[in-house]
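The values are calculated or read from the model by the stated rules, or taken from the named source; none is laboratory data. Bear in mind the structure is a predicted one, so any value in this text is a computation, not a measurement. All Cβ positions, glycine included, derive from the backbone under ideal geometry; neighbour counts span all protein chains shown. For the accessible areas, the whole protein counts, side chains as well, though only heavy atoms, and no ligand, DNA or RNA atoms are used. Shrake-Rupley method; radii C 1.70, N 1.55, O 1.52, S 1.80 Å.
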Amino acid sequence: PVSGVSLVAQPPGGLVAEGDSLVLGCSVAAGTGPLSFSWHRQGSATVLGTGPRYELRSVRHQDGGHYHCTATNGGTVANSPQLWVTVLGKRDPPVLGAPH
């Protein structure tokens, strides 16, 4: 069986500026047989991509939301925890290092 599916984002935490790129990676802690991955966004039945890596090259504001990956070895299916992607507009003040 497939288990321990995890998702990582670059930049970390899924906090990305509009126009920048976002890379999501999916991995499994345990699983036998050939693994396949698919990427999903909350509220959409469309598969965004396949493979252990998913990249949005030029993020738009509407790309924000919950993302997760699904791993399967043909027998069992396991989902990663959801990752919330936040897209910062060009005119938004930066969140990190803001004055107190």
Point to revise | Solvent-accessible area per residue, Å², over region 3-88 with all protein chains present [probe radius 1.4 Å] | key: 53
Exercise for review: Enumerate the calculated ³J(HN,Hα) couplings along region 59-71 in order (Karplus 6.51 cos²θ - 1.76 cosθ + 1.60, θ = phi - 60°), each rounded to whole Hz, writing x wherever the residue is Gly or Pro.
Suggested key: 5, 10, 4, 6, 7, x, x, 7, 10, 8, 10, 10, 10
Check your understanding: What part of the accessible area of region 3-88, given as a whole %, is carbon or sulfur when the probe is 1.4 angstrom?
Key -> 54
Review point. So if R0 is 22 Å, what FRET efficiency would VAL8 and GLN62 give, r being the distance between their Cβ atoms, rounded to the nearest 0.05?
Key: 0.45
Review point. Size of the dipole of the chain about the Cα centre, Lys and Arg at +1 and Asp and Glu at -1 on the beta carbon, nothing else charged, in debye to 20?
Key: 80
